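Visitor: I have a structure here, written as structure tokens, and I will follow up with some questions on it.
The values are calculated or read from the model by the stated rules, or taken from the named source; none is laboratory data. Because the structure is a prediction, the values reported are computed rather than measured. Here the Cβ is made from the backbone with ideal geometry for all residues, glycine too, and neighbour counts use every protein chain on show. With ligands, DNA and RNA removed, areas are computed over all heavy atoms of the protein, side chains included. Shrake-Rupley method; radii C 1.70, N 1.55, O 1.52, S 1.80 Å.
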Amino acid sequence: MNKATQLTNRQPIILLKLSALLLILFAALSTRVWPAYDHIFLDQSQIKLLGVDSFFHLRHAKYTVENYPEIQRLDIGASFPEPRPNEASGLFGLAISTIAISLFGKNASINDIAMTAAWGAPVLTVITYLLTFLLVRLLSNTSVALIAITFFLLYPGKTLDRGVLGFVDHHAAEYCLSLAIAIGLVTLMKPSGNKSTFHNWKIALYSVLPLILLIFTWQGAEIFLLIVCITILICWNFAVFRRDDVTLLTITNARYGIVLLLIITATTRNTLITQGASALILGAWIYTMIFKHYTQPRLAQHISVCVTVLAAAILFMLAYFTEVGRFLTSLVLAKSTNLIHEESEVNLALYLGQFGIVGVLAAIGMIVVPFSVLRSLLPLGAMVPIMFLAMWCALWWSSSDFGYYLPAFVSVCAALALYSLWLIAKPNAFGVNLSKNKHIKIGVFTLFAGVLALPVYPFQFVSSPWIDRHKLTAMTTYSEAWYESLAWFEENSPQPARTPLSSSKQKTNEQNQNIDDYGIMVAWDFGNIVASHGNRIPVWSSVPSAYTARWMLAQSEDESFEILSERQTDTKTIRYVIVDKDTYGPLINAKSKFTDSPIKAKKTGVLNVNGQFIPHIRLDETFQNSMVSRLYGNDGIELSHYRLVFESQHLTYSSGFLQ
């Protein structure tokens, strides 16, 4: 049978698999767009984004549209009265701004930018599904890749929240680029054959580009370089024990490090990234020396293990005694940061609740996939998703964060686990044909039935694979009252010398003594929307801080003024304060923990408000006498230096406490 005939015979199968791929991609997009569309675009004149972080990226994108192509590098509110460096948005905000200008022109309104940004997450999620398919396809075949993205569709975990229409956050770009980084490493580890030197350097460049993009998108990308270094080290060891040609592997990884080092040196001069790239090159040289002088496989294996143990010891020392360790500790491992993370506690029940049977399969894959790699049933690159999942699980467990990285790699490892078990069960793997065993077939069928049924049927212990109305309501941080209040604010408050749109390259109006330069005191959660929709500088911090909490809980008017004076100068003042139902209600208890005298709360019952049961919680005298209580609860009527200038007429109620 010739090749033309074979291709003709396979066309129905190819079309069936292509149709399945397109159907899954459509389903992934639909589950993130269809439930949220009316909620986000109910009023075309005021698009309502979800969450808090969406407005961080919205204000950065608004700045770039106004000052295109400049990216906002200084946050003029987080350390008011002086600006401070801010590298948090990067290419993500620039991409939103570029698309908004392309669609709506240079004078794109905040609503135009919000409409553009709202679609970013679902589009990136579809690309993530496609990259998941490509990663598994590189390591196995099309059928296994389809199984992987089916798992991902049914058990999306935190990517469902991060990828929904209207949730604007660079995390969607992060887990998309993390898969591209994994694909780059897998491609790098494939035998290159007799390709030219130019071709090999081109592959190294393409492989490192996703990591470069992530570095310019997320300020915590240094963690990823550490994961890449550890992954390559483990793959070197597996190659040694498989008795592969390690020389080619070391050369390709050295090229990866050299390209990364050259690009970073020419652009950001990031010290941590430079050290990581240098470690890749040094590691490649060490392994080259090992196999140059020790050609006996058994001896090389022992030396390889010793090098790994030594590298682990060095990493341990770095983690505790150097800048790398302090960075990771402050960003990832510090227990105090749990107050701002999505999960307050990570445990096995939460893992199973998000991933169900697929999570169990992924755990099995952590054992059977390395075993299959050692027996050369799977390519060496199969260790890449295994290592990525292992390290992201460790970070998730230790920091209660980064859960949005897990779902794609859980699905990849679960699919590879099934494929590994199939390869092991095939004839001649152990000399016994297990693939035709009736009991195994029944077990496989039952497993797949469970995988398909659990997330669809509404069991309480498994997360649903779609966004429902209650979830959308919970993710909607800002009510109509916020938009109305900030619109009034921009129109009726004096024009300040500086605004969130003031370019760092332009002179401000500070020289004009008739124009005030002032900020607005607001809880850190809400500073972004004050900047994006009120066009005023929020006096806040980018993470929860003691400063705003101290002001909110000040026990007297004089004490509140002393706290305000800490962030004021003769020319830069705090002119307004904003108090809201959430800061007055459900958030104040957590914020008080940043002060020396946390609020004591006691639950006294449950109230039914519009059909929603809300805990009735009584707070102590510290709260009753606080500034936030006096200003929000009593409108500041007994105060002499504060006066109410605007109050929204929209009916709101606290979602957590009622006094």
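Visitor: Does anything in segment 123-150 have its amide N under 16 Å from the 7 Å Cα→Cβ label point of Ile13, and if so which residues?
Guide: It comes to 140-147, nothing else.
Visitor: Expressed in nm to one decimal, what extension gain is obtained for the pair Phe371 and Ser109 from 0.36 nm per residue of sequence separation less their Cα-Cα distance?
Guide: Additional length available on full extension: 88.7 nm.
Visitor: Within 10 Å, count the other beta carbons around each residue, average over each peptide in 195-202, 566-573, 179-186, and list them highest first.
Guide: Highest mean packing first, the order is 179-186, 566-573, 195-202.
Visitor: Express in whole angstrom the spacing between the alpha-carbon centres of segment 344-416 and segment 207-237.
Guide: If we compute the Cα centre of each part, the gap is 18 Å.
Visitor: Moving on to the next point. Ranked from highest to lowest mean number of other Cβ atoms within 10 Å per residue, what is the order of the peptides 92-100, 23-31, 412-420? Mind showing how you got there, number by number?
Guide: Working: 92-100: 22.7, 23-31: 17.1, 412-420: 27.1.
Going by the mean number of other Cβ atoms within 10 Å, highest first, we get 412-420, 92-100, 23-31.
Visitor: Please turn the phi angles of segment 218-227 into ³J(HN,Hα) values with the Karplus equation 6.51 cos²θ - 1.76 cosθ + 1.60 (θ = phi - 60°), one per residue in order, whole Hz, x for glycine and proline.
Guide: 10, 6, x, 5, 4, 4, 5, 5, 4, 5
Visitor: For Leu607, what residues show an amide H to amide H distance below 5 Å, using hydrogens built from the backbone and excluding near sequence neighbours?
Guide: Those lying under 5 Å, H to H, from Leu607 are Ile614, His616.
Visitor: Also, quick follow-up: Just tell me which aspartates and glutamates come within less than 15 Å, Cα to Cα, of Lys591; anything on the same chain fewer than 8 places away is out.
Guide: Asp525, Asp580, Asp582, Asp620
Visitor: Can you tell me the order of 153-162, 355-364, 374-383 when each peptide is scored by its average per-residue count of other Cβ atoms within 10 angstrom, highest first? Can you show the working numbers first?
Guide: Details: 153-162: 24.5, 355-364: 22.5, 374-383: 19.0.
Answer by packing, highest mean first, reads 153-162, 355-364, 374-383.
Visitor: Considering only Cα-Cα distances, which of the following residue pairs are longer than 22 Å: Lys17/Lys190; Lys158/Lys190; Lys158/Lys600; Lys62/Lys158; Lys62/Lys106?
Guide: Details: Lys17/Lys190 25 Å; Lys158/Lys190 31 Å; Lys158/Lys600 32 Å; Lys62/Lys158 27 Å; Lys62/Lys106 11 Å.
Checking Cα-Cα distances, Lys17/Lys190; Lys158/Lys190; Lys158/Lys600; Lys62/Lys158 exceed 22 Å.
Visitor: Please list, in chain and number order, the residues 5+ apart from Asp516 or on another chain whose amide H is under 5 Å from its amide H, with Hs placed from the backbone.
Guide: Amide H to amide H, under 5 Å and 5 or more residues apart or across chains, Asp516 pairs with Ala497.
Visitor: Could you give the nm distance between label points at Asp596 and Thr247, where each point is 7 Å from its Cα heading toward the beta carbon?
Guide: Between Asp596 and Thr247, the label points sit 6.9 nm apart.
Visitor: Still on this structure, I have one more. Rank these residues by their accessible area, most exposed first, probe 1.4 Å: Glu222, Glu562, Glu480. Walk me through the intermediate numbers first.
Guide: Working: Glu222 35, Glu562 125, Glu480 65 Å².
From most accessible down to least: Glu562, Glu480, Glu222.
Visitor: Another one. Return the FRET efficiency for the residue pair Asp38, Asn492: r is the Cβ-Cβ distance, R0 is 35 Å, and the value is rounded to the nearest 0.05.
Guide: Approximately 0.65, to the nearest 0.05.
Visitor: Same structure again: What spacing in nm lies between the two simple spin-label points modelled at Trp119 and Asn141, each 7 Å away from Cα in the Cβ direction?
Guide: According to this spin-label approximation, the distance is 3.8 nm.
Visitor: Mind checking the full-extension length gain between Val606 and Ile364? Use 0.36 nm per residue of separation minus the Cα-Cα distance, one decimal, nm.
Guide: 82.7 nm
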